[in-house]
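Just so you know, all these numbers are worked out from the coordinates, no wet-lab data involved. This one's a predicted model, so the numbers in the text were calculated from it and none came from an experiment. When we count neighbours, we look across all protein chains shown, and the Cβ atoms used for this are built from the backbone with ideal geometry, even at glycine.
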Amino acid sequence: MIRLRIVPTMFLVLTSIFCFDVIALPQKLCPFKAPVGEAGLRKQKATKKVQPLYPNESLKNGISGKVIVDILVDEYGKVPEAKVSQAPDELTGQAVVDAAKQWEFKVPPKIQGRQICYSSTLSFRFEIRNGKGKIVDDPVN
C-alpha cells in the first residue's frame, strides 16, 4: 500500500519539475531587431513618453551633461531593455533608464511574416540653470 502512494506522488513531483523547466526556459527576446533613428522613433512611433527626473544628489553636486540610453522596443511596443551608453554620473543614467522603461511605442510590424523589434536610443540633456535642474530632449539622430 505504501509503495502505491509513493509512486503517484513521485510521478506528480517529477512531472511538475519537468513541466516547470519547459515553461521557465528563457526565450530569446526579439530575434529580429531593426535599428531605428531616435528622432523618427520619438516622433512617429512613441505613444507614451515619460520624462526622467533630475536626481537630487546629482543636482546638489552640480552634475550636468548628456545621457544616452540604448533601448529595445519589443513586439508589444514596450521597452524591456534599457542600458546606459553615456552619462555624466550613475544617477542621471539610472533616471533615464527608469523613464525609458515606461515609454510605449506603436507595435512594430511583421516583415515577411516575422515579428521585428526596434533598437534605438533615448537621449536627454541634464542642465542646471539658476540652481534648478532642467531636462531637455536631445535626440541623437
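I want the local charge near D137. Using Cβ-Cβ distances under 10 Å, sum +1 for each Lys or Arg and -1 for each Asp or Glu among the other residues. Net local charge, D137 excluded: +1. Based on C-alpha pairs under 8 angstrom that are at least 6 apart in sequence, the range 29-137 has a relative contact order of 37 percent. Pairwise Cα distances in the range 27-141 exceed 17 Å in 53 percent of cases.
Placing pseudo-labels 7 Å out from each Cα toward the beta carbon at R125 and N61 gives an inter-label distance of 2.3 nm. In the structure shown, the pairs K43/K132; K33/K66; K78/K110; K45/K78 are assessed against 22 Å; a Cα-Cα span above that value is assigned to K43/K132; K33/K66. Applying both filters, DSSP loop and at most 13 other Cβ atoms within 10 Å, to the chymotrypsin sites (Phe, Trp or Tyr not before Pro) of the range 61-141 gives Y76. Projected label points at Q44 and D137, each 7 Å from Cα along the beta carbon direction, are separated by 1.5 nanometres.
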